[in-house]
1. Could you pull out every one of the strands (runs of 3 or more DSSP E) wholly within region 61-108 that has 2 or more residues that are closer than 15 Å to PRO138 by Cβ, over 41 Å from the mean Cα position of the chain (by Cα) and free of Cβ contacts under 8 Å to residues at least 24 places away in the same chain?
2. Among the residues of region 179-187, is there at least one that is within 30 Å of the chain's Cα centre (by Cα), surrounded by 15 or more Cβ atoms within 10 Å (Cβ to Cβ) and part of a loop (DSSP other than H, G, I, E, B)?
3. Within region 312-328, how many residues are modelled with pLDDT of 90 or more and of a type in the set (Gly, Ala, Ser)?
4. Got at least one residue in region 256-266 being modelled with pLDDT under 90, crowded, with 17+ Cβ neighbours inside 10 Å, within 30 Å of LEU570 (Cα to Cα) and touching a helix residue (DSSP H, G or I) at 6+ places or on another chain (Cβ under 9 Å)?
5. Inspect region 27-42 for any residue being over 21 Å from PRO151 (Cβ atoms) and outside any strand (DSSP E or B) and give the result as yes or no.
6. Considering only region 198-209, how many residues are part of a helix (DSSP H, G or I) and either surrounded by 19 or more Cβ atoms within 10 Å (Cβ to Cβ) or modelled with pLDDT of 95 or more (or both)?
7. Here is a check on your reading of the model: is ASP6 surrounded by 16 or more Cβ atoms within 10 Å (Cβ to Cβ), at pLDDT below 95, among the charged types (D, E, K, R) and out of contact with any strand residue (DSSP E or B) (no Cβ under 8 Å at 6 or more places or on another chain)?
Amino acid sequence: MSTATDKKELLDRSVSSLKGVGARRSLLYSRIGVRTIGDLLRHYPRSYLNYSVCEDLFTAADGENIAVSARVDRKNPPVRIKSGRTMQKIYATTADGSSVELTYFNNPYTGARLEVGNEYIFYGKIQKDLLGVSMVNPVLVQESETGILTPQYALTEGLSSRMIASNIRQVFQEKDFYVTDCLPEDVRREYGLIGAEEALRKIHFPKSESDAAEARKRLVFEELLVLSLGIKLRKSQVHGDKPGYSDISADEFIESLPFELTGAQKRCIGEIASDLGGNRAMNRLLQGDVGSGKTAVAAAAVYLAWKNGHQSAVMAPTEVLAEQHAETFRSFLEPLGLTVGLLTGSVKGEARRILLEQTASGGADLIVGTHAVISEGVIFRDLDLVVTDEQHRFGVAQRATLGRKGYAPHTLVMSATPIPRTLSLIIYGDLDISVLDELPKGRKKIRTVLVDDSYRSRYLGFVRKTVEEGHQVYIVCPLIEESEALPETLSATEYYEELRDKWLDGIPIGLMHGKLSSSEKADLMNGFRDGDIKVLVSTTVIEVGVDCPNATVIIIENAERFGLSTLHQLRGRIGRGSDQSWCVLVSSSGSSTAKQRLNLLVETDDGFRIAMEDLKMRGPGDFLGSRQHGLPNLSVADIADDEKTMYTANSAADSILSKDPDLSSNPLLMESVRRLFNESGQVLN
């Protein structure tokens with residue numbers, strides 16, 4: 001007699017324990033992340049095919065995927081065509097007398113199975129023209145598959161959806177098959193959710209679209225609830241207890257600034273001050289669009305740390321940006337009595353020794369630098385505030401190392417990359433969020449236009465005119481050097497030479513890309529900032545770069561090769577002064593999708609709207625980049641499409657944790673949380 005434990009252990013068994021799953025299929029399964037029977041059941045269909053037979057071919061739309069029942073009338077023998085491929089034509093007739101021409105390429109097996117005079121069900125895209133109705137490479141459908149939704153899974157070569165469905169069906173037929181439900185009954189009842197086992201059966205083998213929708217509703221909610229619980233538990237671990245600051249007034253700092261802060265900046269400073277005066281370590285994200293004034297807000301935080309007797313550190317991803325930050329923080333803070341030091345790989349010898357002594361003794365109140373600030377020899381007397389700029393450009397280990405330079409220091413993360421709120425709940429769920437949603441007064445909206453390269457002489461003429469009027473220009477290319485694989489894509493090196501020798505001869509022009517050394521990049525950016533270089537040709541290394549108010553034009557070549565968020569970041573390099581600025585997107589792509597994407601940049605400068613569209617198009621993995629942490633892989637939920645469920649699940653997680661802070665009363669939920677986070681390489685205590 002099998003026990004509940006035996007039944008549970010079924011899900012932990014290897015897929016190789018299933019009939020028909022030998023060494024080869026086990027290897028194929030491992031390639032799609034399926035090693036156990038539990039993994040197999042959580043490998044949900046990504047779509048369904050509806051093999052309901054079309055009764056009236058005449059009413060079917062051209063290009064529609066349908067199932068057709070037809071009798072084979074004639075088979076032409078396979079013929080060899082170009083590239084050594086084979087082609088076979090088969091002619092059939094439907095019950096209503098319509099003729100269908102079936103063409104199979106490189107598929108002699110299907111043609112051999114079809115017998116003249118027999119009736120078969122074919123599924124595929126129909127094409128209608130003056131010559132009649134045709135289908136290319138239609139799938140042969142078994143009669144038992146008609147009238148139901150047939151699951152389609154993510155695959156690897158050698159593995160078919162039919163194989164996966166067959167193995168899952170076998171699991172459901174096991175006598176000791178059993179699934180524990182991690183959702184408490186009151187939660188299922190409150191949100192109208194079906195049970196776990198019913199959801200699994202209906203997601204894999206729905207009898208109707210409503211079955212599939214009901215199953216998906218349950219599984220998406222469960223996955224997002226488990227994700228939210230894990231993030232909130234991690235957040236409670238991150239925020240350590242510590243005494244609050246006694247003086248959290250930033251009035252003196254605000255009054256000392258030579259400009260008026262926006263309402264959003266004042267609000268964010270207030271939120272930070274409240275954190276610093278509380279009884280736990282601050283862990284806050286300061287998120288603001290390009291040019292929204294994040295540095296002034298961060299400087300206020302540094303000022304408050306100094307007022308309360310503590311040191312601060314600011315870490316930037318590049319030397320150029322670190323140098324700019326050091327200059328900006330000095331202008332804000334040194335008049336108030338703070339000492340600001342710059343530590344990068346370029347600071348060597350006696351200057352480095354003196355700076356390290358000041359840092360260790362407490363003589364330096366703020367150290368601004370690159371990852372050099374986390375190197376072994378850097379010791380702080382009392383580091384209590386850590387500020388990380390463009391934090392997604394640092395690895396998890398680097399950020400953790402900086403935090404260990406102090407004792408549970410307050411953390412402020414700055415990002416100019418707009419993140420949709422749903423995604424923020426996930427990747428920044430362990431941070432409180434402050435948003436700068438106003439631009440400083442006097443900034444004019446950047447005008448954005450989309451043209452193709454037939455306009456090159458006109459927009460490069462505009463570049464020359466802009467320089468003659470005393471302003472500067474960025475020109476961005478997607479590649480450093482010419483590529484045989486992308487012959488239509490401009491490279492920065494070749495374009496720079498063409499501009500220097502032909503289009504912009506006589507104008508001081510520079511070339512910057514990722515292969516240059518840090519000192520070479522710094523020299524170029526300093527030359528551009530000082531006005532010695534009038535036109536800077538670059539790859540995306542300027543995406544996060546120097547604030548140059550005199551730059552009023554940016555030309556982005558082959559714009560279709562960049563993500564929307566990257567284009568928005570690049571556009572943010574201009575418009576920093578009071579003069580009208582222009583962004584010219586250049587694309588000769590014939591793709592209507594590419595034009596639709598780029599026109600969004602023309603229509604709006606709302607970074608959050610652009611980010612949401614970018615998220616929908618690229619998915620969270622590509623959107624964030626491979627080094628981003630905090631995003632376990634989701635099996636069924638879609639961050640862009642399941643926005644409402646994300647909020648609902650987040651609220652449910654708050655409710656559960658308010659009654660059961662460590663999930664000790666909900667061990668199945670805790671087990672699900674650990675599994676989700678452990679699979680993504682994260683560990684929850």
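The values are calculated or read from the model by the stated rules, or taken from the named source; none is laboratory data. Because the structure is predicted, anything quoted here is derived from the model rather than measured. Quick reminder, even Gly has a Cβ in these numbers, built from the backbone with ideal geometry, and neighbours come from all protein chains shown.
1. Details: elements: 65-75, 86-94, 99-105.
Passing ranges, in order: 86-94.
2. Within region 179-187 (the criterion being within 30 Å of the chain's Cα centre (by Cα), surrounded by 15 or more Cβ atoms within 10 Å (Cβ to Cβ) and part of a loop (DSSP other than H, G, I, E, B)), the answer is yes, since at least one residue qualifies.
3. 3
4. no
5. Keep residues of region 27-42 that are over 21 Å from PRO151 (Cβ atoms), which gives 27.
With the extra rule that they be outside any strand (DSSP E or B), the set shrinks to 27.
Yes: region 27-42 contains one or more residues that are over 21 Å from PRO151 (Cβ atoms) and outside any strand (DSSP E or B).
6. Taking region 198-209 first, the residues part of a helix (DSSP H, G or I) are 198-204, 209.
Now narrow it down to the ones that are either surrounded by 19 or more Cβ atoms within 10 Å (Cβ to Cβ) or modelled with pLDDT of 95 or more (or both): 198-204.
Summing the residues that are part of a helix (DSSP H, G or I) and either surrounded by 19 or more Cβ atoms within 10 Å (Cβ to Cβ) or modelled with pLDDT of 95 or more (or both) in region 198-209 gives 7.
7. Working: surrounded by 16 or more Cβ atoms within 10 Å (Cβ to Cβ): no; at pLDDT below 95: yes; among the charged types (D, E, K, R): yes; out of contact with any strand residue (DSSP E or B) (no Cβ under 8 Å at 6 or more places or on another chain): yes.
No, not satisfied.
Results for (1) loosely packed, with under 11 Cβ neighbours inside 10 Å; (2) of a type in the set (Phe, Trp, Tyr); (3) within 25 Å of ALA60 (Cβ to Cβ); (4) modelled with pLDDT of 90 or more, shown as yes or no for each residue.
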{"site": "ASN76", "(1), (2), (3), (4)": "no, no, yes, yes"}
{"site": "GLY84", "(1), (2), (3), (4)": "yes, no, no, no"}
{"site": "MET87", "(1), (2), (3), (4)": "no, no, yes, yes"}
{"site": "LEU102", "(1), (2), (3), (4)": "no, no, yes, yes"}
{"site": "ASN107", "(1), (2), (3), (4)": "no, no, yes, no"}
{"site": "ASN118", "(1), (2), (3), (4)": "yes, no, yes, yes"}
